[in-house]
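Participant: Structure below; questions to follow.
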Amino acid sequence: MCVSMYSAVWSREETTERNYYTRYHNMSEITAWMEQMKRENPDVVSSMVYGQTYERRNITLLKIGLSSTGRKKAIWMDCGIHAREWIAPAFCQYFVREILRTYKTDTKVNEMMKNLDFYITPVLNVDGYIYSWHNESTRLWRKSRSPGTGGCTCYGTDINRNFYANWGMVGVSTDCCSQTYCGTKALSESEARAVTDMLGKMREDILAFLTIHSYGQLLLVPYGHPNISAPNYDELMEVGLAAATAIKAVHGMDYTVGTSPDVLYANSGSSRDFARLIGIPLSFTFELRDKGEHGFELPEDQIQPTCEEAYAGAHHIITYAHDKAFYSYAATVTATLWTTLLAAWVSSAILLTIICLYKKVK
Amino acid sequence: MTTGVLNPSHYPARRAATVVQHYLNTRYGSPYRWIFLSKVHSGSAEDMAEMRKYQLELTMQEMISNVSGQCSAELLFPGGEGQSAPQVQASCEGLLQSNPTAQEEAFYQQHRASNNMVSGSNIPDSYGHMEPSMKPFWHLGGVASSCIMLRESNESTLYNMAQVANFTQLETEKDQLRFNYHVLLHEMISQEIIHWKLLVTWSPEQGVKVLQTELQPKCHDCEAPPNTTN
């Protein structure tokens with residue numbers, strides 16, 4: 001395809017150009033970009049291959065943070081679980097560039113880079129993403145590229161219905177030709193297993209889990225099952241609504257916040273639900289622009305504004321998660337200290353009063 | 001099924017509002033007029049005999065002129081086994097302020113003569129891009145698709161047109177421009193991409209008419225892995 005070849009020729013010189021982040025990039029460009037991010041920021045960026053796709057490709061994340069001796073808390077972000085949602089990997093790239101661009105000068109980002117590590121997977125469904133770049137007729141592919149089983153000749157499982165979170169219960173299809181096919185069993189897909197294994201190892205450290213999709217302009221909170229509520233639903237809604245306010249402040253776009261069964265549709269087996277179930281308190285699905293006018297084929301001139309507003313939303317959630325972990329502990333200690341002092345003051349005041357009265361009586 | 005006052009940000013109101021959008025496009029849409037749902041303000045739903053009735057207060061936006069208007073709409077979703085289309089009534093204030101007559105007329109005259117049949121494909125393309133000259137054909141495809149989307153909608157669907165796969169102009173007949181369209185519709189709840197072939201006519205006076213529709217079978221055979229080394 002002429003356009004993608006043109007992009008490949010430009011990409012090496014242009015990866016630091018502002019232009020780069022206003023275009024969609026194929027998988028080999030994104031892989032090269034990840035190498036470049038490591039090369040240019042060796043003290044804060046490293047990469048990790050944490051699994052293999054069906055077609056045996058690496059699933060790679062960038063780990064970004066200022067190095068420290070102790071064990072750090074983490075933020076998880078993944079993009080491109082659904083192949084056709086091209087704006088999602090574009091956002092992951094933008095997010096990485098933005099934190100690397102600002103961490104030396106922005107005190108908050110700097111503080112978060114000290115206290116946290118960001119684990120960012122620009123493309124989770126690598127096979128599907130590559131397939132969606134193959135030609136115009138494959139552009140709207142969604143699922144993985146594992147073959148059907150049991151006589152079903154269609155390809156692919158919906159990776160976001162394949163996690164061990166109320167798997168197979170609602171909002172799924174058992175027809176392997178369907179776009180919401182949940183697989184032969186939970187974690188039949190190696191991509192879902194890779195994320196599951198990583199989250200399992202890190203679960204005590206992850207403060208927030210963000211999974212990026214399109215389209216619809218929504219922030220979805222757990223759970224996808226209509227009869228199950230997250231224990232911190234109120235907190236999730238409060239943080240989500242504040243994030244939507246931050247998003248709207250950038251370019252005026254409305255993002256609706258709610259559980260999937262409330263604002264979109266019921267579903268099960270999602271990565272967001274799995275993250276919440278294993279104890280990650282702040283777990284959100286971002287559905288980026290637009291509302292259906294272009295849908296999955298969002299024009300490139302909307303990449304930048306979409307990323308800017310999504311960054312504001314993600315930044316809000318991450319800051320909240322960070323401050324809750326690192327400030328409310330201090331706040332608790334301070335409150336305890338004051339309570340103790342006050343109690344001491346009160347009891348000494350009572351003691352003096354008793355002594356005075358005693359003396360008077362005497 | 002939700003009954004009573006509807007939460008405007010929840011799915012029942014939004015799905016019904018999208019049906020109203022499809023209806024407005026079939027009534028008022030053209031190569032230079034394309035209406036999109038902007039906001040749901042309020043709504044209610046009730047069960048009526050074999051039907052579900054919705055009432056909605058909406059803001060709709062005409063996308064080319066950027067003019068918004070307030071609309072009140074009433075929908076009836078038929079119940080029972082039949083596959084009949086929802087019935088919609090809507091009245092809008094201020095939405096149709098734009099006057100695309102001059103552009104429509106120029107477009108009509110430009111394409112009316114038989115010596116230069118137009119065609120196009122992949123509108124928008126994979127990058128969301130389309131040539132400016134293709135935009136009116138994209139809108140026309142969208143309006144024609146709205147006829148199908150309206151007909152196929154129920155309380156468990158949410159349709160958008162994903163892409164005009166291709167279109168070909170045919171000989172003008174009875175002063176109507178005529179086109180074969182192949183459109184891809186995205187149905188959000190099932191996440192399916194549904195292919196339709198349409199025979200479409202248009203003129204400024206008569207508006208958009210869809211004469212024939214043909215559902216295309218899902219192409220299972222073309223899913224085998226290609227040689228991708230990317």
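What follows is calculated from the coordinates using simple rules that are stated; it is not laboratory data. A quick note: this is a predicted structure, and the numbers were derived from the prediction, not measured. Reconstructed Cβ throughout: ideal geometry from the backbone, glycine too, with neighbour counts over all protein chains shown.
Participant: Work out the length of the dipole vector of the protein assembly as shown about its Cα centre, built from +1 on the beta-carbon of each Lys and Arg and -1 on the beta-carbon of each Asp and Glu, and round it to the nearest 20 debye.
Facilitator: 2000 debye
Participant: Counting only Cα, what are the radius of gyration and maximum Cα-Cα distance Dmax of the stretch A:25-326, in Å?
Facilitator: When restricted to Cα atoms, the stretch A:25-326 yields Rg and Dmax of 17.9, 58 Å.
Participant: Given the convex hull over the Cα atoms of the protein assembly as shown, what projected area results after averaging over all orientations, in nm²?
Facilitator: 36.0 nm²
Participant: What are the ³J(HN,Hα) couplings of the stretch B:177-183, residue after residue, when phi is run through the Karplus curve with 6.51, -1.76, 1.60 and θ = phi - 60°? Round to Hz, x for glycine and proline.
Facilitator: Calculated HN-Hα couplings, in order: 5, 10, 9, 9, 10, 10, 10 Hz.
Participant: Compute the distribution of all C-alpha to C-alpha distances in the stretch A:183-240, in bins of 10 Å from 0, and list the percent of pairs in each, rounded to whole numbers.
Facilitator: Cα pair-distance distribution for the stretch A:183-240, in percent: 16, 38, 42, 4.
Participant: Still on this structure, please answer the following. With unit charges on the beta carbon (Lys/Arg positive, Asp/Glu negative), name the residue among B:H139, B:V67, B:G29 whose Cα is farthest towards the positive pole of the charge dipole of the protein assembly as shown.
Facilitator: B:V67
Participant: Using per-residue counts of other Cβ atoms within 10 Å, averaged over each peptide, order B:157-170, A:261-274, B:125-138, A:33-46 from highest down.
Facilitator: The most tightly packed comes first, giving A:261-274, B:157-170, B:125-138, A:33-46.
Participant: On a C-alpha basis, how far is the centre of the stretch B:27-89 from the centre of the stretch A:105-143 in Å? Whole number, if you could?
Facilitator: 36 Å
Participant: What number, in nm² with one decimal, is the all-direction average of the projected area of the convex hull of the alpha-carbon atoms of the stretch B:30-103?
Facilitator: 5.8 nm²
Participant: Hey, got the dipole for the stretch A:25-326? About the Cα centre, +1 on K and R Cβ, -1 on D and E Cβ, debye to the nearest 20?
Facilitator: It comes to approximately 820 debye.
Participant: Taking chain A as the reference, fit the longest principal axis to its C-alpha atoms, fit the long axis of helix A:87-102 to the helix C-alpha atoms, and give the angle between the two in degrees, 0 to 90, nearest 10.
Facilitator: 50 degrees
Participant: Once you average over the residues of B:119-131, how many Cβ atoms of partner chains fall within 10 Å of each Cβ?
Facilitator: Rounded to a whole number, the mean comes out at 5.
Participant: From the cross-link list A:K72/A:K108; A:K38/A:K201; A:K143/B:K53; A:K38/A:K248; A:K63/A:K108, which pairs have alpha carbons spaced over 27 Å apart?
Facilitator: Table pairs above 27 Å Cα-Cα are A:K143/B:K53; A:K38/A:K248.
Participant: If you rank A:C79, A:C182, B:C147 by fewest surrounding Cβ atoms within 10 Å, what's the result?
Facilitator: The fewest-first ordering by Cβ neighbours comes to B:C147, A:C182, A:C79.
Participant: Something else about it: Run the quick spin-label model on A:A249 and B:E205: label points 7 Å from Cα toward the beta carbon, then report their separation in nm to one decimal.
Facilitator: 5.7 nm
Participant: Once Lys and Arg get +1 and Asp and Glu get -1 on their Cβ, which of A:A325, A:Y131, A:V221 lies farthest toward the positive end of the dipole of the stretch A:25-326?
Facilitator: So the residue furthest toward the plus end is A:A325.
Participant: Share of Cα-Cα pairs in the stretch B:4-216 beyond 33 Å, in percent?
Facilitator: The calculated P(r) of the stretch B:4-216 puts 15 percent of pairs beyond 33 Å.
Participant: Now for a separate question. At a Förster radius of 25 Å, what calculated FRET efficiency corresponds to the Cβ-Cβ distance of A:S137 and B:T157, to the nearest 0.05?
Facilitator: Working from the Cβ atoms, E equals 0.55.
Participant: Oh, and also: What angle do you read, to the nearest 10 degrees and between 0 and 90, between the alpha-carbon axis of helix A:2-14 and the longest principal axis of chain A?
Facilitator: Result, in degrees: 40.
Participant: Now for a different question. Semi-axes, largest first, in whole Å: what does sqrt of 5 times each Cα gyration tensor eigenvalue give for the stretch B:1-67?
Facilitator: 25, 13, 7
Participant: A follow-up question, please. If the reach is capped at under 22 angstrom between alpha carbons, list the lysines near B:K135, excluding any in the same chain fewer than eight residues apart.
Facilitator: B:K135 reaches A:K291, B:K197, B:K209.
Participant: Something else: Say each of A:Y233 and A:D175 gets a label point 7 Å from the Cα, pointing the same way as Cα to Cβ; how far apart are those two points in nm?
Facilitator: My value for the distance between the label points is 3.2 nm.
Participant: Per residue of the stretch A:44-60, in order, report the coupling 6.51 cos²θ - 1.76 cosθ + 1.60 (Karplus, θ = phi - 60°) as ³J(HN,Hα) in whole Hz, putting x for Gly and Pro.
Facilitator: Per-residue couplings from phi come out as 10, 10, 9, 10, 9, 8, 10, x, 10, 7, 4, 7, 6, 8, 6, 9, 10 Hz.
Participant: Okay, next question. Can you work out the PRE-style zone for A:Q36? Point 7 Å along Cα to Cβ, and I want the residues of the stretch A:294-311 with backbone N under 16 Å.
Facilitator: none
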